[in-house]
1. Per 0.36 nm of contour for each residue apart, how much would the distance between Asn121 and Ser292 grow if the chain were fully extended, relative to their Cα-Cα spacing?
2. Can you put Met366, Met331 in order, fewest other beta carbons within 10 Å first?
3. If I model a spin label at Cys81 and Asn264 as a point 7 Å from the Cα along the Cα→Cβ vector, what separation in nanometres do I get?
4. Excluding Ala197 itself, what net charge comes from residues whose Cβ is under 13 Å from its Cβ, given Lys and Arg +1 and Asp and Glu -1?
5. Rounded, prolate or oblate: which fits segment 96-395 when a ≥ b ≥ c are the square roots of the eigenvalues of the alpha-carbon gyration tensor, with rounded for a/c under 1.5 and prolate only if a/b beats b/c?
6. For Trp222 and Asn386 in one chain, what is 0.36 nm times their gap in residues minus the Cα-Cα distance, to one decimal in nm?
7. Can you give me the Cα centroid spacing of segment 109-140 and segment 355-396 in angstrom?
8. For Asp393 and Asn185, calculate 0.36 nm times their separation in residues minus their Cα-Cα distance, and state this gained length in nm to one decimal.
Amino acid sequence: MGFRTAYLVILIAVLAVLAVFASTDFAVPISFSSLRDLSFGAELFTFLSRGPWALFEQHVARHHHRHRKHLDDGQRKVSICDDFPPDIPPPETNTALTFCVDRNGCCNFTTVQAAVDAAGNFSQKRTVIWINSGIYYEKVIIPKAKPNIMFQGQGYLSTAIVWNDTANSSHGTFYSGSVQVFSNNFIARNISFMNVAPIPSPGDQGAQAVAFRIAGDQASFWGCGFFGAQDTLHDDSGRHYFRDCYIQGSIDFIFGDARSLYENCQLISMATPVPPGQKLINGAVTAHGRVSKDENTGFAFLKASIGGTGRILLGRAWRPFSRVVFAYTTMTDIIAPEGWNDFNDPASDQTVYFGEYNCSGAGANMNLRAPYVQRLNDTQASPFLNISFIDGDQWL
């Protein structure tokens, strides 16, 4: 396909997701027009309005004119880097080394992957990758040999890593992630991860598109955004902590076989709205992959909120011993009354562990829940209500 055709495909993909981007009040996905009112959204809107090849043009300009001076007011020359924070990156210490990523060339690296590649193999020192505001259109992979890496963005509505692979284009859902982390002790703060592939309809083959895959142990995420549609966040394996994060998707948008605690997170469905009175279910928040009773894995959601569009489930039993608990969670009426699904395998009704505890909102009514769903008491809920669920007192 031609160059402009390829970028047109990317533009259509971006438009598809951004049409239902995130809102600042987390009630429903953002409309495209409201992007102009957000600092990050305004930048995306400007990029889109310039055409699909704008990103390439900007890249070429920066490559050839990275430190070019330009006239400001006719009296003095200024650089685009003049306002760059003077203390970034800070000096190396005994415990931490900081790399700086800025797409305008104002510090160490212009791409995130280049900074990851520069981190030492099997380093015991924390490598902080400070990422300036902007959209970083690249696929990023952190291999197992690079532990102790931290991504520090400038706000989940200011800094984003964006790509558009699907299960078809990457030869499998597991490989489609815009960012994929296989190393231990990863941290991300104040940054978004996006997959802008076209939004699939339920049942589409090969259209799954992961925004982020975490397959390392002892990872934590603070104030991060995860944007996609089907299979947004691949919470693959290991112990993980998510705090104050925004996670948007449509079908199974948090899936995997990790042991993870999600605290104070916003879970926003972008499934197609369902007309009043129709019983169609067109989305699900979770699909956990526990395969045996001996596996100590599961997803626990504490003080979360669930909103958005569609008529969705809290979870589907991707594997027969799937384990998911929602506690102190506010649920809007987009949650279908049955709440959960056994993935059309009645045999798993005896083995799944789906529980709810002290949840509220129109979607939290348990009177019509599937018969295998547990209304947890204080004792049953206790293991899922703090960081001990992920052994966080040992590493977090």
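Bear in mind these aren't lab numbers, they're just calculated from the coordinates by the rules spelled out. Source: prediction; values computed, not measured. Quick reminder, even Gly has a Cβ in these numbers, built from the backbone with ideal geometry, and neighbours come from all protein chains shown.
1. Numbers: separation 171, 0.36 × 171 = 61.56 nm, distance 3.41 nm.
That pair, Asn121 and Ser292, stretches by 58.2 nm at full extension.
2. Values: Met366 13, Met331 23.
Result, fewest neighbours first: Met366, Met331.
3. Taking the simple label geometry, Cys81 and Asn264 are separated by 3.7 nm.
4. Numbers: positive: Lys139; negative: Asp165, Asp204, Asp231.
Net charge around Ala197: -2.
5. Details: a/c = 1.92, a/b = 1.54, b/c = 1.25.
It comes out prolate by the Cα gyration axes.
6. Values: separation 164, 0.36 × 164 = 59.04 nm, distance 1.60 nm.
Extending this stretch completely gives an extra 57.4 nm.
7. Spelled out, the Cα-based centre of one part sits 36 Å from the other.
8. Details: separation 208, 0.36 × 208 = 74.88 nm, distance 1.43 nm.
Residue separation times 0.36 nm, minus the Cα-Cα distance, leaves 73.4 nm.
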